[in-house]
Amino acid sequence: MSPRRMLRSVTALAVVAASVLLLGATATPPPIPDNPTDPVRASEYWLDGAKIREAWKTTRGAGVTIAVIDTGIGKVPQTFGDAVIGGTDVSGTGTPDGRTPVGAVDGNHGSWVASLAAGRGSPDGTGMIGVAPEANLLSISVGFGAAAAVPFTEQVAKAMRWAVDNGADVINLSFTTNTLDWDESWDDAFLYAFEHDVVVVVAAGNRGSGTDIIGAPATIPGVLTVGGVDQTGTASVEASTQGITIGISAPSEGLLGVSANGEVVSWRGTSGAAPIVAGVAALIRSAHPDIKAIDVINRIIKTAMPVADAVKPRDPLYGFGLVDAAAAISADIAPVDENPMGDLAEWIHFFRRADTEPQPEPTITPVAVEPLPDADAPTEAGSPLLPSADSLRYGTLPLIALTVPGILIALGVTAAARRIRSARVSRTPHS
């Protein structure tokens, strides 16, 4: 058993033991302070719609740690007082503990996300409460756009590794890059999380923010991508998007969130649907301490509530259906050997690193060629003004042999002509 699972098992056993002492023979945890008549608590329609209140009869997420990689979780004692057990900043602009909101525009985003995942609520059962109100939180602050002094891709890669190294059982990523592809540095970072048995939950993105189709990290094989629905369970037009990697759907409209200053606000988007599912994952890991990450994901998608008229088995708007926390915890689901959301290591092998593998050595045997004969030894260098032996042999001598006889013949003919002319002159009579 890994140290991470062992710690989770010990914590879960301690919770069960405490419950037995309190309630005698039963291991059912005591009722959580919950006042459905409170205006805030009553507005959390997803607690009943996703059957979270029913799941609380079994577990509230004790012993499980959710890492929120976002703009930072604010210091709100009532909501996050004992929830945040660690944090860091990777943006270069936040504080070392990751608790100072990063970004002038969306600084409260991380607090909203965290309150949905594991907000504590008030002791009297009023105020906002998270899906896994007894789970721990890690606050890792990142900066988006101009709010960051460090490249965003570098921030995410560093944040993923920090979360894993500091005990995260579930990682929540409520952002998108609006591009299908992702930086190569994310290959190893996400693979690091999967190899350490961490569930990674990712928001699909929102049409209202310009995301018409899912983008990274929602396109990375192995992550559980969350789409959004409204209060009726219908795919949200503005607060969700579509894509073939969506695995599950959760409420994304009419959500509540606790800001860094403690104010409860209304918001929407798959940024909120993702932490709802991350909280469900924490409930599953708390109820089943030895369960593997791939089985957590498999339970969530296999027990999803079906959606009428949705494409089966997997719809580009709804994934496998609507999340059902109670069924995901209690259903009899056989373990799986592979992540139903895909295998990142396999993807890297075929689509990324295949291009950098060394090329095979040629196996063709070279043809043997006989050596050429030695070249003639060079002659001694001479003056270009004097004839060489070859020029005398092949040029000058033949020319003399042909020229001398010609000259002799010409001289003979000339002499003969002169004698004939002289004889004619001597026979001519004089007057």
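The values are calculated or read from the model by the stated rules, or taken from the named source; none is laboratory data. What you see is a predicted model; the values in this text were computed from it and never measured. Please note: Cβ atoms are built from the backbone with ideal geometry, for glycine as well, and neighbour counts cover all protein chains shown. When the accessible area is computed, the model is the full protein with side chains, heavy atoms only, and any ligands, DNA or RNA have been set aside. Shrake-Rupley method; radii C 1.70, N 1.55, O 1.52, S 1.80 Å.
How large a share of the accessible area of region 172-237, in percent, is made up of carbon and sulfur atoms when the probe is 1.4 Å and the other protein chains stay in place? Could you put the intermediate results ahead of the total?
On the way: 1090 of 2180 Å².
Carbon with sulfur: 50 percent of the solvent-accessible area.
Given the C-alpha centroids of region 47-85 and region 144-209, what is the distance between them in whole angstrom?
20 Å
Just flag the trypsin sites (Lys or Arg not before Pro) in region 256-358 sitting in loop per DSSP whose Cβ has no more than 14 other Cβ atoms within 10 Å.
Filter output for region 256-358: Arg352.
Need the list of lysines near Lys302 for cross-linking: C-alpha distance under 20 angstrom, and skip anything on the same chain fewer than eight residues off.
The reachable lysines, counting only those whose Cα sits under 20 Å from Lys302, are Lys51, Lys292, Lys312.
First select every other residue whose beta carbon is under 15 angstrom from the beta carbon of Val336; then total the charges, Lys and Arg +1, Asp and Glu -1.
Every neighbour counted, the sum reads -4.
To the nearest Å, what is the center-to-center distance of region 213-233 and region 243-315, using C-alpha atoms only?
Result: 9 Å between the Cα centres.
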